[in-house]
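Since the structure comes first, as structure tokens, the remarks are kept for the end.
Bear in mind that the values in this text are calculations on the coordinates, not laboratory data. Computed from a predicted structure; not experimentally measured. Neighbour counts are summed over all protein chains in view; Cβ atoms, including those assigned to glycine, are modelled from backbone coordinates with ideal geometry.
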Amino acid sequence: MTVDDVETRLRSTYRRVLAQVPDAPPPLGSLPHRRARLRRPAVALALAAAVLAGIVVAAGLVAGRERGSSTVNVAGTGGGAITARSVQAGPIGLAGTAQAVSCVSASWCVAVGSTPLNDPTPGVNGPRYYRGVHDLFTGHGWRSMPAGDTGGLAAGLSGVSCVSTNWCVAVGETTGGGPQRTVIETWNGKRWNRTPSPNASGSNTLLAVACANHDFCVAVGYLLHFGTASRNLAEVFNGQRWTLRPPPSPEAGNDNLSSVSCPTAGWCMAVGDFYSSTPSPPTVDRYANGRWSQLKIPYLTHSGPALAGIACPAKEDCTAVGTVDPAHGLTEHYDHGTWTGQQASDRAGANLEAVACHPHRCVAVGTTPYGTRGQRPLLQVLPASTPPRQATNIAVNAMNSISCPTSRTCIAVGGQLQGTNTFHKGIYLRVEITAP
Amino acid sequence: MAVGVRADEWDADSDAGSAMSVTGSFESTYRSLWAPLVRLAWAMTGSRAVAEDIVQEVFLRAEPVWAEVASPRAYLRASVVNAVRSRQRRRLLELRHRPPGREATHIPEMDELWPVLIRLPARQRDALALRYYEDLSLEEVARLLGCPLGTAKSLVHRGLAALRRELGS
């Protein structure tokens, strides 16, 4: 059975099963809570007023706090702390979500993401076309970076890697109709320009990129052949051009590379997830000596392990983060040929999405449920001596990426729901580590 | 009674003029969107009863702030997704403190794929419902689930792979 068959079958199942719901709703007055309100209008009004007043006060407090900082203590590190402070949102924040960030210094970072091309009001089925956007942080806030010739194609950007203030690479995919094609854009110090990138047959998506220097980058993602499972996709830049260099993918199963790190030219580690008919460890591929090799990672007793982010401060020294079902944070460490893993959090619903490292210390970021509604950033210093810590006063919908230009300063990016609306705005956190 | 179950019924609502315009009344929106929202919640939770409770709660919560809602469709859909995910988190916490057992869930016998679908991990089931019932783009799925684009893609593809494996066995 092909993927197309499954998709068709799934749509048919939804159609048949969900048809049991009648179009006509029960009368509004029949809703239990509403009936109670109708019977006791005065009480209801008083309660509603009290609730609304509470909401207003709470919202004011939250809004006020979000302009400040959220400090969470990290036990076991000599009394130090992580301070996460939201900073002025960039232009991506108009209607989009920041997907990735790369910092050259504490005062020079680039974030990329996408924003709906059409009216920011989500369409009936959501916007189909996106425009890749780039934000620049210079220490005084975020601003939009000038876009050059991007070929006029609608595109979403998911990954970025900067080597210097004059050279960055961003990757993504075309959006809209037809098979997706890879998108690679290069920053030359003045503007972003679309760079020719190869595509394999099928739907091509690049999710992440890592550059060791101006002459060596690797971008990873996945390839969806029509009617088959997904396969790993990787492209290598040699200083002149990008070429397809896909890692091996097992025949039976779905492979997907989500993140890559290249501490030196010619050596990278990429992670993702793999799903087949049997429980499977996450995907880990190492690029060395011009070729990819699959690495064994200890199988976890938890189901559905998926690695979403990796950072290698040095060759043979990597930390990867991700999730195991049903949504618990997962960390894995690679040291000269050996992977060791652990579940990082017993918080139900917690996800670790990205990690950034300096020698001997990494910071992972993700999200965790907060109360019965919403999510909050989840931060963890690795190697883990304590469970991840929650920045409880910063509301987020997604924390997607982190970059640490110094051992004590990181910038994390993501997205945030806006009030009663469903539009998102980019959220940018400055994370300070004061642990010794 | 005509029963439409595809996500494009939202299109029909939007074409109904004032019923789904920005200034549409709460009552008219309730009449037109109750069924699509229950179907979405059912696809995500696997339980029609739970879905109806969730949608009822969403409408009750929405009514006091209705005047501030700029885009009813998008607002209610996001509210349903959030409510479903909140319930899933509560369920996870409950299950950790309860002996293992099968959850009593109504499984329509008319479709063999349905029981497989509702046994998927919640995040994969949510992603599939938004992608293939709501017909949302992966970017929108990522936004609503609050995860990076790559994670949303991974959830959809792993969900499809699980279904394919079950159907093929």
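If the segment from A:ALA288 to A:HIS140 were pulled out straight at 0.36 nm per residue, it would be longer than the present Cα-Cα gap by 49.3 nm.
Using the Cα gyration tensor of the stretch A:172-251, with a ≥ b ≥ c the square roots of its eigenvalues, what is the shape: rounded (a/c below 1.5), prolate (a/b larger than b/c) or oblate (neither)?
Working: a/c = 2.68, a/b = 1.49, b/c = 1.80.
In terms of gyration-tensor shape, oblate.
What full-extension length gain, to one decimal in nm, is calculated for A:LYS190 and A:THR340 as 0.36 nm per residue of separation minus the Cα-Cα distance?
On the way: separation 150, 0.36 × 150 = 54.00 nm, distance 4.29 nm.
Extra length available between A:LYS190 and A:THR340 comes to 49.7 nm.
Within the shell defined by Cβ-Cβ distances under 12 Å, the residues around A:GLY159 carry a net charge of -3, with Lys and Arg each +1 and Asp and Glu each -1. Maximal additional length on extending the A:SER105-A:GLN88 stretch stands at 4.4 nm, based on 0.36 nm per residue less the C-alpha distance. Between beta-carbons, use under 10 Å as the cut-off and find the net charge around A:ASN204, counting Lys and Arg +1, Asp and Glu -1. Taking every Cβ under 10 Å from that of A:ASN204, the sum is -1.
What FRET efficiency comes out for A:ARG16 versus A:THR165 if R0 is 51 angstrom and r is the Cβ-Cβ distance? Round to the nearest 0.05. Efficiency for this residue pair is about 0.35. Could you pull out every one of the lysines with an alpha carbon less than 23 Å from that of B:LYS153, ignoring same-chain neighbours closer than 8 positions? Hits, sequence-local ones excluded: A:LYS425.
Would you mind getting me the FRET efficiency between A:LEU244 and B:ALA70? Use the beta-carbon distance for r and R0 = 51 Å, nearest 0.05. Don't jump to the answer; show the numbers that get you there.
Values: r = 45 Å, r/R0 = 0.87.
Plugging the Cβ-Cβ distance into 1/(1 + (r/R0)^6) gives 0.70.
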